[in-house]
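**Student:** I'd like to ask some things about the structure below.
The values are calculated or read from the model by the stated rules, or taken from the named source; none is laboratory data. Since this is a predicted model, take the numbers as computed values, not measurements. Ideal geometry is used to build each Cβ from the backbone, glycine not excepted, and the neighbour counts take in all protein chains shown. Only protein heavy atoms, including side chains, enter the accessible area calculation; ligands, DNA and RNA are left aside. Shrake-Rupley method; radii C 1.70, N 1.55, O 1.52, S 1.80 Å.
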Amino acid sequence: MHIHVVERGDSLYSIGKKYGVDYQKIARDNEMRLEDTLVIGQTVVITGVDGKPKIGVVEVNGYAFANIADDVLARTLPHLTYLSLFSYEAREGGDVVPIIVPEAEDRAIARAIEANVMPALVVTNIGESGNFEPDLAHSILNDPKAVDNLLEKLLAAMRAKKYAGLDVDFEYVLPKDRQAYNDFLEKCAAKMHENGFFISCAVPAKETDSTTDALTGAYDYSAIGGIVDFVTLMTYEWGYSAGQPMAVAPIRNVESVVEFAATQMPSVKIMMGVPNYGYDWPTPVTPSTPGRAVGNTAAVELARKHNQAISFDEKTQTPFFEYYNESGKRHEVWFEDARSAKAKLELAAKHNLAGFSYWTVNRFWPQNWLVLDSMYDVAKG
């Protein structure tokens, strides 16, 4: 595998000739149209040109909304170990509200099982507001009857729907609930393992352990790593919709979180989060004009539409470009490409990680899977 960065004058034909590869194969692999003009700075993945052996085997989790398109699901499943369907919402008293259309959920689970991919039910503390609610988590975590009720309802759904495991995605848990959250995970793990299910959880990224930090204080990496089967580090959102334009997952920050986590839990339990998206920010960013999420392939299309070259920030290992819309408003776009994917994927081998966890796989990202498959074999259920 080789990553070619488009220069002025390049075409698919000239790139194919340079590497001795059929240009139509290059287009198919990268899901590009033959008639498209290439963008300066765009990446093109050339497969089968170096013959390097694969590094090893990794596990790959893909978070997905159950409305994922049939063709995207079919093309993504070969690259996954787990498919985590988002989500079942916990309520006060331990009730559960699925926000998944049952027919779509059943279809995704059946397709996953057919592809030897383990489906996971994701439970969240998203409340009626549509947001993660710390007070909702507090009420459940500190009510033993609510926890028991929640677990019984989750187990019933998992059995009925043929899930293989549970992923706990409780976010913005209050620091004062740190021990209560550990106790909750202990009870979840015991119930899941007793009934033949695996258990994982997602935790916010952090580089040190502060028990009072509003965002991360509740998450005891050491304790959590000893309880669950694997942990997803949410190593993204340094660049976020309401913030200033920057890389969503700067490589130095990502690696710093991974390095810290590996001192707190077995590295072979760590699934490093990978963002399958970027942001398009109008500048200046204001509360009323936040950035909008954009797919990585769509970002290249946006650069093509506005005839803008793509630059690459070596420090963060992230591509970016700017453009002006029809009203003359300046926009700045940071996203992910084959280069940034490769930089992140190399961290699994460097730090002996279990693998990767993508948020989300609802958009197909062909270049990432080309890079991943050139580097690793993917474990299957």
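**Student:** Could you check segment 227-252 and list, in sequence order, the residues that are open to solvent by 10 Å² or more (accessible area, probe 1.4 Å) and over 16 Å from the mean Cα position of the chain (by Cα)?
**Tutor:** Those that are open to solvent by 10 Å² or more (accessible area, probe 1.4 Å) and over 16 Å from the mean Cα position of the chain (by Cα): Ile227, Asp229, Ser241, Ala242, Gln244, Pro245, Met246, Arg252.
**Student:** Out of segment 173-219, which residues are hydroxyl-bearing (Ser, Thr, Tyr) and either touching a Cys at 6+ places or on another chain (Cβ under 7 Å) or more than 23 Å from Tyr358 (Cβ to Cβ) (or both)?
**Tutor:** Tyr181, Thr208, Ser210, Thr211, Thr212
**Student:** Of all helices (runs of 4 or more DSSP H) completely enclosed by segment 213-325, which ones contain at least 1 residues that are in contact with a helix residue (DSSP H, G or I) (Cβ under 7 Å, 6 or more places away or on another chain) and among the acidic types (Asp, Glu)?
**Tutor:** Once the helices (runs of 4 or more DSSP H) in segment 213-325 are filtered for at least 1 residues that are in contact with a helix residue (DSSP H, G or I) (Cβ under 7 Å, 6 or more places away or on another chain) and among the acidic types (Asp, Glu), what remains is 251-264.
**Student:** Could I ask something else about it? List every residue pair whose Cβ atoms sit under 7 Å apart, with the two residues 6 or more apart in sequence or on different chains, where the first one lies in segment 339-366 and is closer than 19 Å to Ala202 by Cα and in a loop (DSSP other than H, G, I, E, B) and the second, anywhere, is of a type in the set (Lys, Arg) and at pLDDT 95 or above.
**Tutor:** What qualifies is Ala354/Lys269.
**Student:** Moving on. Which residue, of Ala156, Ala189, is surrounded by 18 or more Cβ atoms within 10 Å (Cβ to Cβ) and at pLDDT 95 or above?
**Tutor:** Checking each option against the conditions leaves just Ala189.
**Student:** Additional query: Of these, Gly62, Gly48, Gly94, which one is within 23 Å of Asn131 (Cα to Cα), out of contact with any Phe, Trp or Tyr (no Cβ under 8 Å at 6 or more places or on another chain) and not polar (S, T, N, Q)?
**Tutor:** Exactly one of Gly62, Gly48, Gly94 is within 23 Å of Asn131 (Cα to Cα), out of contact with any Phe, Trp or Tyr (no Cβ under 8 Å at 6 or more places or on another chain) and not polar (S, T, N, Q), namely Gly94.
**Student:** Consider Asn125 against the criteria (1) among the polar types (S, T, N, Q); (2) touching a Leu at 6+ places or on another chain (Cβ under 8 Å); (3) touching a residue at least 60 places away in the same chain (Cβ under 8 Å): it satisfies all of them except one. Which criterion is unmet?
**Tutor:** Going through the list (1) among the polar types (S, T, N, Q); (2) touching a Leu at 6+ places or on another chain (Cβ under 8 Å); (3) touching a residue at least 60 places away in the same chain (Cβ under 8 Å), Asn125 breaks only (3).
**Student:** All but one of (1) out of contact with any Leu (no Cβ under 8 Å at 6 or more places or on another chain); (2) surrounded by 20 or more Cβ atoms within 10 Å (Cβ to Cβ) hold for Ile270; state the number of the condition that does not hold.
**Tutor:** Only one criterion in (1) out of contact with any Leu (no Cβ under 8 Å at 6 or more places or on another chain); (2) surrounded by 20 or more Cβ atoms within 10 Å (Cβ to Cβ) is unmet by Ile270, namely (1).
Condition check ((1) over 14 Å from Ala303 (Cβ atoms); (2) out of contact with any helix residue (DSSP H, G or I) (no Cβ under 8 Å at 6 or more places or on another chain); (3) modelled with pLDDT of 95 or more; (4) open to solvent by 70 Å² or more (accessible area, probe 1.4 Å)) across all residues:
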site	(1), (2), (3), (4)
His4	yes, no, yes, no
Asp10	yes, yes, yes, no
Lys17	yes, no, yes, yes
Tyr23	yes, no, yes, yes
Asn30	yes, no, yes, no
Asp36	no, no, no, no
Val39	no, no, yes, no
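**Student:** Also: Checking the conditions here, which among Asp135, Asp143, Asp148, Asp183 is open to solvent by 10 Å² or more (accessible area, probe 1.4 Å), at pLDDT 95 or above and within 14 Å of Val96 (Cβ to Cβ)?
**Tutor:** The match here is Asp148.
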